[in-house]
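Just below is one structure, and these are the notes that go with it.
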Amino acid sequence: MKTAVIVFPGSNCDRDLMVALESITGIAPHAVWHADTQLPDTLDLIALPGGFSHGDYLRSGAIAARAPIMRDVIAAANRGVRILGVCNGFQVLTETGLLPGALMRNAGLDFVCRDVALEVVNANTPFTNAYAQGEILQIPVAHHDGNYAADEDTLNRLEQQGQVAFRYAEPVNGSARNIAGISNEAGNVLGLMPHPERMIEQAHGGTDGRRLFESLLAELV
Amino acid sequence: MKARVTVNLKPGVLDPQGRAIHHALEGLGFAQVADVRVGKVIELDVAEGTTEAEVAEMARKLLANSVIENFRVELA
């Protein structure tokens, strides 16, 4: 599986993602700088990491979503290439319009940094097929702007079409319908606030994040 | 010339910051406040002759997120 991690100024989980991807796929991912204009050829997965791209100026992910490399990322998404956005990467994906809705300041106004209980709402996506439907995972979150917002019609559509991939199984940030992660209509783009790449080996305190990457791997073999 | 873009959350979108400010005002004894909404003002120094439509395009493409925000453009 050939993968790339996009690095923005202020990304801080890019290395975690790269370590996770290499440990699970056996192949080192390409690190691609935001100011580049072209992605490596024939990628199977493009990952957008967590962090505080451009200092969260204007809105979280807003400036990164307009970075030169994002034109190629959006084109790849439209060709069906798998795109994963974690935390700030999820914010970037909503800002590009690849995913609907927006991520707003946490309802409690606090930065939330802890393990949370996360329900797998749809185990029938390329990102979740190694999980069981309804399974509860323990995955850390670390964000200030994770409060998912969209209009009622969009929320209903997301639920009806199985685009809600993950839901918080406990109160975390005030997200509409406790949404923690969603996919696009075609199913090849997934964004989530929790950090699966921080739960891939026992030293992390658990391995519940591992199967997200294994799902992708199984899908592509 | 100057252009000013005022960005506000759409009505109905929860504004946790506004709510926190409201609470603080109540704590200071300002009981007359019914609601608080926080927005932002972006001032641009633009070339003479820049039109309102051009600034609105900037707002649509970057300055505001139409999922959650409305904007207003003023030229001066």
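The values are calculated or read from the model by the stated rules, or taken from the named source; none is laboratory data. Computed from a prediction, not measured in an experiment: that's the story for all the values here. Glycine also receives a Cβ, built like all others from the backbone with ideal geometry; neighbour counts cover every protein chain displayed.
Quick look at the numbers
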quantity: Filter pass, B:Arg60 being within 13 Å of chain A (Cβ to nearest Cβ) and not in a loop (DSSP other than H, G, I, E, B); calculated: yes
quantity: Looking only at segment A:87-104, and only at residues there that are within 11 Å of chain B (Cβ to nearest Cβ) and buried (at least 24 other Cβ atoms within 10 Å of the Cβ), the one that is nearest to B:Val13 (Cα to Cα); calculated: A:Met104
quantity: Residues being more than 19 Å from B:Arg72 (Cβ to Cβ) and at the interface with chain A (Cβ under 10 Å from one of its Cβ atoms) - total across segment B:2-55; calculated: 5
quantity: Test result for A:Asp41, at pLDDT 95 or above and of a type in the set (Asp, Glu); calculated: no
quantity: Residue, nearest to A:Asp16 (Cα to Cα), within segment A:50-83, restricted to residues that are among the polar types (S, T, N, Q) and buried (at least 17 other Cβ atoms within 10 Å of the Cβ); calculated: A:Ser53
quantity: Unmet criterion (only one of (1) polar (S, T, N, Q); (2) within 14 Å of chain B (Cβ to nearest Cβ); (3) buried (at least 22 other Cβ atoms within 10 Å of the Cβ)) for A:Thr128; calculated: (2)
quantity: Extreme residue, nearest to A:Leu58 (Cα to Cα), among residues of segment B:22-60 that are free of Cβ contacts under 8 Å to residues at least 12 places away in the same chain and of a type in the set (A, V, I, L, M); calculated: B:Ala53
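Condition check ((1) under 13 Å from the mean Cα position of the chain (by Cα); (2) within 21 Å of A:Met104 (Cα to Cα); (3) modelled with pLDDT of 95 or more) across all residues:
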position	(1), (2), (3)
B:Arg4	yes, no, yes
B:Gln32	no, no, yes
B:Ala47	no, no, yes
B:Val55	no, no, yes
B:Asn70	yes, yes, yes
B:Glu74	yes, no, yes
